[in-house]
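The values are calculated or read from the model by the stated rules, or taken from the named source; none is laboratory data. Source: prediction; values computed, not measured. Here the Cβ positions follow ideal geometry from the backbone for every residue, glycine too, while neighbour counts run over all protein chains shown.
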Amino acid sequence: MQSEPSLRRLSTMIGWGLVDAAIWFAAVVAATWLRFQYDFDVTFVTNTFLAAAGAALGHLTLGLVIGPYTRGTTRGSFDEVRGLALTAGIVTLVLFSVTLSLERAEPGSSLLLPGTVPLIAGLVAYSVQLSTRLIFRTHNHRRAARREGSTPVIVFGAGSAARLLVRNLLHDETSAYRPVALLDDDRTKRRARIEGLRVRGTRLDLESVARGTGAEHVVIAIPSATAQTIRELRAAAEEAGLHPLVVPPLSQVIGRSLTSKDIRDIDLADLLGRHPITLDESAIAAQLTQRVVLVTGAGGSIGAELCRQIARFKPARLVLLDRDESALHGIQLDLDGEGLLQNDNIVLADIRDLETLRARFAEHQPDIVFHAAALKHLPLLERYPLEAWQTNVIGTLNVLTAAEEVGVETFVNISTDKAADPTSTLGYSKRVAERLTAGFAARGAGRYISVRFGNVLGSRGSVVPAFTAQIRRGGPVTITHPEVERYFMLIPEACQLVMQAAVMGAPGEVLVLDMGEQVRIVDLAKTLITMADRPEVEITFTGLRPGEKLSEDLFSMADHHRPTGHDLVMATDVPPLGPAAVRRSPTRSDVHERLLDLAGAQRPSSSHDASDQSSPGSGTALIRSISAS
């Protein structure tokens, strides 16, 4: 049994077919009447009505086969106009051919029509059909503009994305939004119209257009908009008393339409403005498909997302290794939809335990290893540097050793920007891990590389969840220093670039991901407070912690970085370090000195005041314009 929407579409299709057939009938009669100079006696005869009926029946038949009634189309859309034109052209040609044939076969026949009648009738019929649809669409648009229960919105942007969005909002009776005006900074689009809506100015006209239309929201319908544009438009919208909304970035809407369900609030990722990433999918697939891939730290934020990304390329086996059983349970649920923890690819192991690693690597024989297991909290590692040594240094050495022994082809060590000119225990330990990785590459056993990037938005323990929790509790939001700034990436973006780096890095290289501009943490906090609509939340400064920089570095002073085959990836080298250098375990009293010496880092000043730290970069006014209070 057909559903109600299907029956409605069928009845609408038949209804329009009958209307168009009637237009053809009337057009033939009207064209004949015009041809015979308004002579009723000559016009209203049998041959006229037979020709009119034939044209109407021909149009209806062709319309059902090749024309606008073969599927549900939007009234007045390009598809429908094209179908009508094709149908009208064929009917006109057939009617003209029949008239011409009869004239040659039976000169003077009573069935004859003048040869100009089909041409005039075709033009009249097509024009009236288009006019009927224009009137229908105008009526529908006006009705949609008065639709009750929907929120009036201004659409900023008059490009192709805005056209799709406006069209869908007007034709979707269930949409929570109805567009009432368009704005665009491109003055060449001034007074342009989309679905009957006129472009009424630029962002400078937001407030006046909002007053005139009663709009409550503004939708930024520019999927390719930069973070700077979104920040500026958000500020302009809030100044005009409007709630700013956005549509997804270009990378998420290619190949599909935009609907009301795509409209959402501006989030932190929009304001940070990470660019869409172009990956060499074929190269990554060749590296990962039908290979055995092992990920250490598979339950962590980076490791888990890496596993999700890798799984898309259909490896022969994806081995998940972590010491946290709850984290392994969570990632198995994500990947397999079940968390029974019975699969052979789930490995519970600590990277500090070399013998266990050897046994597990020998069991699974991985081709590719992504080493994401690490301790990463700077203040804790300053207090407990021996833990950094045992996990970030010895743990990495253990994973490298086990990988080399089974002949791993590609080893990717996940590092951090804190390893560049390090000043903290975390930075020293990750710098040593980079050097160890380069040392194994120098032994010629495989392709061993490191990938370095900064803070990852949303990762466990990162600043954004911490600030969000503080804001939820009513504050205060605690920041170490008003000028401290950091690089940020999105988790999927970082993992995509890690996979890209894995297929392009040369043995021993450290690949550094492009992280854009550094973000002032105080601006980040103000933005989160604004987004949460909690203006009463205060920010307090606690002072820089031991080992903490004001600004991070992508490269050490001695690094000679160079471009790679990818715009978002740079390469540098670190001095290789052999395993023998770290075999002797330090004591609690000298572990800091050992880390510093092995990292090859400059000894820091004893003071941790702001005056002793790196000065902040000049290009980091990321969110000040929208979050200043």
Practice prompt. For Leu335, state whether it is at pLDDT below 90 and loosely packed, with under 15 Cβ neighbours inside 10 Å.
Written response: no
Item to complete: Quick one: in region 80-101, of everything that is of a type outside the set (Ser, Thr, Tyr) and buried (at least 19 other Cβ atoms within 10 Å of the Cβ), which residue is nearest to Leu134 (Cα to Cα)?
Response: Glu80
Worksheet item: Can you tell me which residues in region 347-364 are among the small types (Gly, Ala, Ser) and assigned to a helix (DSSP H, G or I)?
Response: Ala359, Ala362
Discussion item. If I filter region 569-583 for residues that are modelled with pLDDT under 75 and in contact with a Ser or Thr (Cβ under 7 Å, 6 or more places away or on another chain), do I get at least one hit?
Written reply: no
Item to complete: Within region 358-368, identify whether any single residue is surrounded by fewer than 16 Cβ atoms within 10 Å (Cβ to Cβ), among the aliphatic types (A, V, I, L, M) and more than 17 Å from Phe411 (Cβ to Cβ), and answer yes or no.
Response: yes
Worksheet item: Within region 389-412, is even one residue crowded, with 24+ Cβ neighbours inside 10 Å, within 32 Å of the chain's Cα centre (by Cα), within 24 Å of Ala327 (Cα to Cα) and of a type outside the set (Lys, Arg)?
Response: yes
Response to the item:
Here the residues within region 450-493 that are among the hydrophobic types (A, V, I, L, M, F, W, C) and either out of contact with any helix residue (DSSP H, G or I) (no Cβ under 7 Å at 6 or more places or on another chain) or over 24 Å from Ala419 (Cβ atoms) (or both) are Ala466, Phe467, Ala469, Ile471, Val477, Met489
Fill in: Test: Ala373 is in a loop (DSSP other than H, G, I, E, B), touching a residue at least 60 places away in the same chain (Cβ under 8 Å), hydrophobic (A, V, I, L, M, F, W, C) and more than 30 Å from Phe541 (Cα to Cα)
yes
Practice prompt. Scan region 550-561 and give yes if some residue there is modelled with pLDDT of 85 or more and aliphatic (A, V, I, L, M), otherwise no.
Written response: no
Worksheet entry | Pick from region 18-58, criterion polar (S, T, N, Q) and in contact with a helix residue (DSSP H, G or I) (Cβ under 8 Å, 6 or more places away or on another chain), ranking: nearest to Leu102 (Cα to Cα) | Thr48
Fill in: Top-ranked residue of region 269-284 - restricted to ones that are farther than 13 Å from Gln500 by Cβ and buried (at least 19 other Cβ atoms within 10 Å of the Cβ), ranked as modelled with the highest pLDDT
Asp270
Worksheet entry | Filter pass, Leu328 being over 30 Å from Ile479 (Cα atoms), at pLDDT 90 or above and surrounded by fewer than 23 Cβ atoms within 10 Å (Cβ to Cβ) | yes
